[in-house]
Amino acid sequence: MPTSQPLPPPKYVEEDVVTQECKDLLSSLPKERGWVATYLYQYQGFWHHPRQLQGVLSCQQHFQAQDTDILLVTTPKSGTTWLKALLFALVNRTRYPDTQTHPLLTNNPHILVPFLELKLYLENKVPDLTSFASPRLFATHLPFLSVPKSVGDSECKLVYLCRNPRDTFVSLWHFTNKLRPQNTGTNSLEEVFDLFCRGVSLYGPFWDHVLGYWKESLENPQKVLFLKYEDMKATPTVHLRRLAEFLGCAFSAEEETKGVLDELLRLCSFDNLSNLEVNVNGKLPSGEENKAFFRRGEVGDSNNYLTAEMIDQFDQIIEEKLHGSGLKF
Ligand code: PAP
């Protein structure tokens with residue numbers, strides 16, 4: 001009779017495949033158990049996967065922002081995919097006026113608006129960005145302190161999106177379980193809850209991430225637009241209009257009358273995007289299934305997973321961390 005064997009420990013291979021520069025850096029950084037199959041490393045106060053850190057270093061060293069660039073910044077699982085779609089549809093609305101043949105119908109939003117440190121600068125130390133039409137649209141999860149210097153030196157605009165930490169946490173728990181290699185099981189909610197509350201999550205601590213951009217948006221409102229997922233869900237038209245004004249591409253009276261806003265919102269809605277063939281069966285070049293980015297897309301879903309004690313603990317931590325900032329969730 002075969003005896004049941006304990007699951008093998010995850011094989012932490014990512015540390016082996018990074019550049020020597022990155023290896024040297026990793027060896028000097030604090031590390032903690034990660035949520036997927038690697039450790040997380042604390043760099044400039046925030047937690048990163050080892051390979052991702054290589055992309056961070058390259059983009060910090062080489063990314064040259066242009067004045068017309070638009071950078072979407074998000075905390076992971078706060079609605080990045082949705083806002084990528086909306087931004088792409090918004091700034092390209094004259095280029096693609098027909099929503100029946102729109103690139104979003106056949107491309108996942110992560111293809112159309114790539115991440116700097118998780119895609120472009122991860123794949124190439126100095127990627128060729130000449131094929132990007134102006135305004136160039138990029139995304140990042142980097143905290144404000146870590147964005148490449150040229151972003152601050154240029155007139156480029158930052159659109160920041162975050163989400164209630166409880167829903168963000170539950171969404172991240174689901175997503176990272178999908179990313180875990182076969183035979184490594186899933187993370188228990190309690191285990192990763194403890195990590196999240198200690199700030200140990202992808203690009204965490206969550207509160208430091210949001211506070212960095214919150215403060216900057218107050219000091220520099222022309223540069224940083226601060227958005228919340230819940231507000232976008234509650235009044236999408238108001239927020240899409242705000243976004244367009246912030247980016248200097250406000251909707252004309254004619255567009256308003258013709259219902260262009262509603263059409264863009266419909267194109268980018270959860271129902272529409274999640275049911276497209278490309279998002280049902282497609283995969284990103286990095287291997288993630290597109291459908292992993294579309295789960296429920298609702299506000300308050302965390303109530304179905306967290307105990308009353310967890311919710312209390314969460315609320316206490318968030319209140320304490322955000323105290324005095326004027327920011328609330
Ligand atoms: P990322 O940061 O890894 O790119 P991101 O897109 O931020 O991921 O997170 C996915 C979340 O956005 C999912 O939330 P859930 O787990 O609570 O369901 C996903 O369902 C939600 N989402 C994706 N597309 C949309 C959309 N069009 N409208 C609203 N929510 C969406």
Which pairs have Cβ atoms under 9 Å, sit 6 or more apart or on different chains, and link a residue in the range 267-284 that is closer than 24 Å to Ala234 by Cα and among the polar types (S, T, N, Q) to one that is open to solvent by 60 Å² or more (accessible area, probe 1.4 Å) and assigned to a loop (DSSP other than H, G, I, E, B)?
Ser274/Arg295
Can you report the number of residues in the range 24-51 which are out of contact with any strand residue (DSSP E or B) (no Cβ under 9 Å at 6 or more places or on another chain), part of a helix (DSSP H, G or I) and crowded, with 16+ Cβ neighbours inside 10 Å?
1
In the range 224-262, the residues that are charged (D, E, K, R) and either within 19 Å of the chain's Cα centre (by Cα) or farther than 18 Å from Glu155 by Cα (or both):
Lys228, Glu230, Asp231, Lys233, Arg241, Arg242, Glu254, Glu255, Glu256, Lys258, Asp262
Checking Glu256 against (1) under 23 Å from Lys328 (Cα atoms); (2) free of Cβ contacts under 8 Å to residues at least 24 places away in the same chain, which test does it fail?
(1)
Restricting to the range 262-286, what's the tally of residues that are more than 10 Å from the ligand (Cβ to nearest atom) and open to solvent by 40 Å² or more (accessible area, probe 1.4 Å)?
10
With the requirement that a residue be among the acidic types (Asp, Glu), more than 18 Å from Trp214 (Cβ to Cβ) and either open to solvent by 90 Å² or more (accessible area, probe 1.4 Å) or outside any helix (DSSP H, G or I) (or both), what does the range 287-329 give you?
Glu288, Glu289, Glu298, Glu309, Asp312
Residue by residue through the range 185-197, note down the ones that are in a loop (DSSP other than H, G, I, E, B) and either surrounded by 20 or more Cβ atoms within 10 Å (Cβ to Cβ) or touching a residue at least 24 places away in the same chain (Cβ under 8 Å) (or both).
Gly185, Asn187
Of residues in the range 198-235 being part of a helix (DSSP H, G or I) and of a type in the set (Phe, Trp, Tyr), the one farthest from Asp312 (Cα to Cα)
Tyr213
Filtered residues of the range 172-184 (kept if within 13 Å of the ligand (Cβ to nearest atom), open to solvent by 20 Å² or more (accessible area, probe 1.4 Å) and of a type outside the set (Lys, Arg))
Trp173, His174, Phe175, Asn177, Leu179
State all residues of the range 52-77 that are part of a loop (DSSP other than H, G, I, E, B) and either farther than 25 Å from Glu155 by Cβ or aliphatic (A, V, I, L, M) (or both); if no residue qualifies, say none.
Ala65, Pro76, Lys77
When the range 52-70 is examined, which residues are found to be open to solvent by 20 Å² or more (accessible area, probe 1.4 Å), touching a helix residue (DSSP H, G or I) at 6+ places or on another chain (Cβ under 8 Å) and of a type in the set (S, T, N, Q)?
Gln54, Gln60, Gln64
Scan the range 63-79 and report the pairs whose first residue is farther than 16 Å from Asp208 by Cα and within 16 Å of the ligand (Cβ to nearest atom) and whose second residue is among the β-branched types (Val, Ile, Thr) and in a loop (DSSP other than H, G, I, E, B), with Cβ atoms within less than 7 Å and a gap of 6+ or a chain change.
Leu72/Val113
Say whether the condition of being modelled with pLDDT under 95 and over 18 Å from Ile311 (Cα atoms) is met by at least one residue in the range 187-198.
yes
Determine whether the range 92-106 contains at least one residue that is open to solvent by less than 10 Å² (accessible area, probe 1.4 Å) and touching a residue at least 40 places away in the same chain (Cβ under 8 Å).
yes
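The values are calculated or read from the model by the stated rules, or taken from the named source; none is laboratory data. Here the structure is a predicted model, which is why all the values come from computation and not from measurement. For neighbour counting, all protein chains shown are included, and Cβ atoms are generated from backbone atoms with ideal geometry for every residue, glycine included. The area values use the complete protein model at the heavy-atom level, side chains included, leaving out ligands, DNA and RNA. Shrake-Rupley method; radii C 1.70, N 1.55, O 1.52, S 1.80 Å.
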